[in-house]
Amino acid sequence: MAESAAGFLVQKLTSLLVEEAKLLSGIPDEVTFIKDELQSMKAFLQKADVVEDEDPEIKAWVKQVRELAYNTEDLVDEFLYRFEHPQRPGLYGRLGKVARDIKTLKARRRIAAELQTVKSRVTDISQRHERYRNMPIIMETGSSSSSATNNVARQELRRNDARLLHENQLVGIDQPKQELVHWLLDDAVPNSQVAAVVGMGGLGKTTLVSQVYRDADVKQCFQHSAWITVSQSFNLQELLVKLIEQLFKGVSQQVPNATYSKDIISLKEDIIKFLGDTKYLVVLDDLWSVNSWDDLKNAFPMDNNHGSRLIVTTRKFDVASTTTRDVFGGAIFPLKTLSLEDSWILFCARTFPGNPCPHHLERVCRNIWKRCEGLPLAILAVSGVLATKDIGKINEWEMVSRHLGAGFDNSDQLKNMKKIISLSFNDLSYQLKSCFLFLSLFPEDWVFHKERIIRLWLAHGFVEERGNTTLEEVAEVNFSELCNRSLIQSARERTYEIFNTFKVHDIVREIILEKSKDQNFAATTSEQKPFLGRVRHLSVSMPMKSLQGDQNNFSSLRTLLFFNPERSTSSFSMSEFFRKHSGLRLLMVLDCRRLPLDTFPDCITKLYGLRFLNLNGTKVASLPRSIGRLRSLEILDLEETLIEELPVEISQLRRLQIIRVAHSVNDGSGKQKLIGARVPTAIGKLNSLQALYLIKASHGCVDLLRSLENLVQMRDLRIQQLGVEHGPALCSLIEKLSHLRFMSLESREEAEILDVQNISVAPQCLVELRMYGRLEMLPLWLPKLSSLVFLQLRWSKLELDPLESLQALPNLQILQFDKVYVGEELCVKAGGFQMLKELGFWSLEKLRKVTVEQGAMPRLQELCFEDCKSLEEVPSGVEFLSHLKEIEFINMGDELLTRLHSSSPNSDLSRVKHVPTVLTASRDAEGKTHSWKRI
């Protein structure tokens, strides 16, 4: 993390040299010196970050570098805040510059003096660096200090302890053990295979595989077996020797003395020769990287056809994927957290051996147990601490509940748990560490969408460019990498990935929250945990007046996030708060999501460095003209506000990349309808804009659409209130925005034609497309969108079956029709919609029959019919959809509902008997769905 702070600062100092060097005599020399010194520290800091927790001296030195980087960044940002002003052209502009130079002379001198102080501190820290770098603390890659070595040894001892656990001491292991044993004993595939057991640290991967390895049937099935612990840092030659020792021990033979002097290639040849034409089982426990696998895989026979098996345990899904798809092939076994029932059984068994949980302790115990979230390591560690407490002193148990995170270092069990889980964090690059630590700002059990997190990362500059890839693409890779390492977990998986939600395990969150506080990186505050001190990123879950104390220092604050909005703040209290704490002027991110704000707080327009502003869910009805002052703003979220028009001054914000402005209302039928905002034609000057959602087309005027043609970086465009007169300009616009990934087009009225026929080349990157309006025919370009994943059509009123034209879309996963078709029959042809997972039909009033041919929609999981009252029977061919999990029939006609009863002579129940969930429901006069019934 110190390297992260230094790295970001080096980038900022470089920009300062380029853009501001002429503003203050003498500054460029000081800035250049500081930048070069910090750059020279980065390589050392990369290694120091990993071992700082093991060495107090290194930790102190790293903390000094981190604080120096933070303080220097504050100074640079203060400099930019005071002197970065847009200059008017001509004489008046030059006169204004002279006036500002005179007015700010005192501030310039102060900043110059502070830079001299920073230079002295850099020199002092650099000299200390020279003294420490020659100490045997940080060695060459592949080795470690004695403390680190001892730590690795302790980790291996704990892994061995996990292998020695008796089966009757384990909970929730039966099913995964049975699945893995069954796979190992299956001789259907004779060639060598790899089973990869994958999951976050502390799930019990080693324990599970150990039980499988020791299973009597498994032992009898294989001629040779061996268990090797790989770990993060290993010596390949020593590892191969250990493998040979185990193999020879298994056949009661002495290892030849020559083995210990052989090189790596010779050792691999010996192993291949030994295993040769035998059936073997080898466990590679704790494999951390694909590179480690590449080092090891050639030690095993490639042409062994005797049913040999390798088992790999890893925290990383990319390692699991590579090992099972590489030279051997195989299967992945994702290990999940324990169920609620199993985790409570384990918790009680370890906390109260042989006894149930006492009634008077159940509430506090369940609070503690809940925070473990089914993670076996956490349950064992916490229950080990609780087992030492007096069951008669409930205050001791309450203290553990309140201070679980803060007490990690107060017991050996919790300290060991923290170290094991922290291994995954320490293995991250400095950029990923910043990205991940930022998640500590979110409250316990908070569920989030990927898009929001990525926007916040980008606003802070946590993401660095790589080659020709965009920052957004790099951020996507970073998010995926944290998921791959099981540090970010899926909270709810949806068919369409963009709807997925995520979370951070509570115990993992406690660990990164502790690291964030220790590094003055981030902190959370609530009435139970008031904020005291200085920090760079802060989340607030308490009334703002509680932050007014003089002991709080906000001079370095870059992020301010609000949660629990009903208890937080108002426009007035926010203005008061900003007036009192002038240091907040360096704020880069302000997230006021769902705060009870009635008006736009004027204080916000003075935050000249603000990059991210979120007013989502507030009652703000208009933006002031002074919004044009926020020249650094990149992301503006106005969703679910009352704003209906953006001022022309919005066009002055040339760095804006994302504008989201829409609010939902009831359309009268129980459904929600989105209402967009009017925007000025000058918005076409915002050349950096990538997302514009949701805007209204000007009635009878096409100038707005023509101005949008300049926004060639646009990825997400959503327009409503379109009329026939907009057709030519709309088609021209869509052709020019070749990078579009998300597009929504909506006509003024249901009966109005949406003219999109004359598009010669549609954006081939389109992933999501929504078109609401009358279509004379299905556009010819639509079936050519090979990247399309989500398609929703509404009000189309097509006379020809649209399924035949769309069925060849190679990546389509979700298809929704609402008042799209006026015919009586639809047919899904054999081989059609090979990737489709969700299919929905709404308000197809004349539809009587749907046929699904065998071989169509092989991956379909959900099928929905709503307000299709003429449908006479369950679709013919549904019985061929073997992956179908759920069918819904909502507000349907009596004839269909009758055929869903077993007593009916024409019952269709046989068609859906393989579907786990078949539901029916009706709708009342207000449009509310009710009376759900399971068939």
Requested in this report: Could you give the size of the charge dipole of the stretch 584-721 about its Cα centre, using +1 on the Cβ of each K and R and -1 on the Cβ of each D and E, expressed in debye and rounded to the nearest 20?
Outcome: 300 debye
Report task. Answer rounded, prolate or oblate for the stretch 422-510, using the Cα gyration tensor with square roots of eigenvalues a ≥ b ≥ c: rounded when a/c is under 1.5, else prolate when a/b is larger than b/c, else oblate. Result -> oblate
Requested in this report: Please report, as a whole percent, how much of the solvent-accessible surface of the stretch 654-761 comes from carbon and sulfur atoms (probe radius 1.4 Å).
Outcome: 48 percent
Query raised in the report: Using Cα pairs under 8 angstrom and six or more residues apart, how large is the relative contact order of the stretch 589-643, in percent?
Result: 41 percent
Query - Average Cα contact separation per residue, the stretch 434-523, under 8 Å, 6 or more apart, as relative contact order % - result: 39 percent
Query raised in the report: In percent, what relative contact order does the stretch 215-263 have, based on Cα pairs under 8 Å that are 6 or more apart in sequence?
Result: 35 percent
Query raised in the report: At a probe size of 1.4 Å, how large is the accessible area of Val251, to the nearest 10 Å²?
Result: 50 Å²
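Taking 41 Å as R0, compute the FRET efficiency from the Cβ-Cβ separation of Ser289 and Gln764 and round it to 0.05. Before the final figure, lay out each step's value.
Values: r = 35 Å, r/R0 = 0.86.
The pair Ser289/Gln764 has a calculated efficiency of 0.70.
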Report task. Classify the stretch 866-935 as rounded, prolate or oblate, taking a ≥ b ≥ c as the square roots of the eigenvalues of its Cα gyration tensor: rounded when a/c is under 1.5, otherwise prolate if a/b is larger than b/c and oblate if not. Result -> prolate
Query - Dipole moment magnitude, nearest 20 debye, the stretch 720-805 about Cα centre, only Lys, Arg, Asp, Glu C-beta charged - result: 340 debye
Report task. Post the alpha-carbon centroid distance, the stretch 692-719 to the stretch 886-935, in whole angstrom. Result -> 43 Å
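Ordering Lys219, Lys933, Lys205, Lys389 by how much accessible area each has at a 1.4 Å probe, largest first, what is the list?
Per-residue accessible area, sorted high to low, gives Lys933, Lys219, Lys389, Lys205.
What does the accessible area per residue of the stretch 474-526 come to in Å², with a 1.4 Å probe and no ligands, DNA or RNA counted?
Heavy-atom accessible area per residue stands at 34 Å².
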Requested in this report: Round to the nearest 0.05 the FRET efficiency obtained for Trp932 and Lys885 when R0 = 25 Å and r is the Cβ-Cβ distance.
Outcome: 0.95
**Report entry** Across Lys219/Lys268; Lys336/Lys928; Lys316/Lys415; Lys673/Lys928; Lys336/Lys393, pairs whose alpha-carbon gap is larger than 26 Å
**Finding:** Lys336/Lys928; Lys336/Lys393
Query raised in the report: Mind checking the dipole of the stretch 203-332: about its Cα centre, +1 per Lys or Arg Cβ, -1 per Asp or Glu Cβ, Debye to the nearest 20?
Result: 280 debye
Requested in this report: Calculate, for Glu845 and Asn906, the FRET efficiency according to 1/(1 + (r/R0)^6) with r their C-beta to C-beta distance and R0 25 Å; round to the nearest 0.05.
Outcome: 0.65
Query raised in the report: With every protein chain present, what accessible area does Tyr608 have (1.4 Å probe, heavy atoms only), rounded to the nearest 10 Å²?
Result: 90 Å²
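The values are calculated or read from the model by the stated rules, or taken from the named source; none is laboratory data. It should be emphasised that the depicted structure is a prediction, and the values quoted were computed from it without experimental measurement. Methodologically, a virtual Cβ is constructed for each residue, glycine included, from the backbone with ideal geometry; neighbour enumeration extends over all protein chains shown. All accessible areas refer to the heavy atoms of the entire protein, side chains included, with ligands and DNA or RNA removed. Shrake-Rupley method; radii C 1.70, N 1.55, O 1.52, S 1.80 Å.
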